[in-house]
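Worksheet for the structure shown next.
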Amino acid sequence: MSDAFTVLWTHDVCRALRRAGRVGERPPVAFIGVHSSLPAWTGAGAGDEVYALHVNRREVFVVSRMRVIDRERHGCCGTAPATWEDPAYPGHHDWSMLGAEGCGADPVHVDATPVRFDTPISGDLLARLTWRNRRGQTRQLKYVVDGRLENSVSLQGFYRLTPESSAELADVTASAVSSR
């Protein structure tokens, strides 16, 4: 059975997506790394889903749902850099804002829903969302007050959702896709 995870996309990443005109497009790749500048995507493998989240004015949005295809470098990534000055993934220049130039970046090829910034997570669901670690311990978001997220610190990182929360986020993205 596949797992589902969340990753927080920062204001800088989301601003760059908007500026580059990527809203409505499906990202073919995301980038991971061992350095703290990029999410590690630890534990995610082929078939797993990753929900890219964004917080704006204390409201949490699902930006894209990505199903992991693989974590390998392919021809689509372009020529590997010969020097440190060369772009790391010239074939994915259009999506470089997702971390292509990050320290130690590696590609994760994904099948994703279109990038959008109008799919909010309701306050009720936000208060119920639950993540679990490898030992099976669960946690919910901190700092949810009246259905709004007062501080995003507990979303920062790459976290495994419980199956119930994964199903609820799948419903949120499915209803957003069907309403278009």
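Of note:
- For segment 4-178, relative contact order (Cα pairs under 8 Å, six or more residues apart, normalised by length) works out to 29 percent.
- Here the label points at Glu72 and Asp118, each 7 Å from Cα along the C-beta direction, are separated by 3.9 nm in the simple model.
- When the chain is described by a simple charge dipole with +1 on each Lys and Arg Cβ and -1 on each Asp and Glu Cβ, the residue from Leu8, Cys103, Thr138 located farthest towards its positive end is Thr138.
- Given +1 at the Cβ of Lys and Arg, -1 at the Cβ of Asp and Glu and no other charges, the dipole of the chain around its Cα centre is 420 debye to the nearest 20.
- Taking GluC sites (Glu not before Pro) across segment 80-180, the ones in a DSSP loop with at most 16 further Cβ atoms lying within 10 angstrom of their Cβ are Glu85, Glu101, Glu150.
- Across segment 3-83, the mean sequence separation of Cα contacts (distance under 8 Å, 6 or more residues apart), normalised by length, yields a relative contact order of 32 percent.
- Annotation: the residues Val68, Val23, Val172, Val145, sorted from fewest to most other C-beta atoms within 10 Å of their own C-beta, follow the order Val145, Val23, Val172, Val68.
- Over segment 118-180, all Cα pairs binned in 5 Å intervals from 0 give whole-percent P(r) values of 4, 17, 25, 26, 18, 8, 2, 0, listed from short to long.
- Sum of -39500 (n - 2.57) over DSSP H runs of 4+, divided by residues of the chain (222 nm, nearest 500): -5000 deg cm²/dmol
- Spin-label model distance (nm) - Ala167 vs Arg135, 7 Å beyond Cα toward Cβ: 2.7
- If you bin all the Cα-Cα distances of segment 4-178 at 5 Å, starting from zero, the percentages per bin are 1, 8, 17, 22, 21, 16, 8, 4, 2, 0, 0.
- Within the shell defined by Cβ-Cβ distances under 9 Å, the residues around Phe5 carry a net charge of -2, with Lys and Arg each +1 and Asp and Glu each -1.
Every number here is computed from the coordinates shown, using simple stated rules; none is lab data. Quick caveat: nothing in here was measured; it's all calculated off a predicted structure. With ideal geometry, Cβ positions are generated from the backbone for all residues, glycine too; neighbour counts draw on all protein chains shown.
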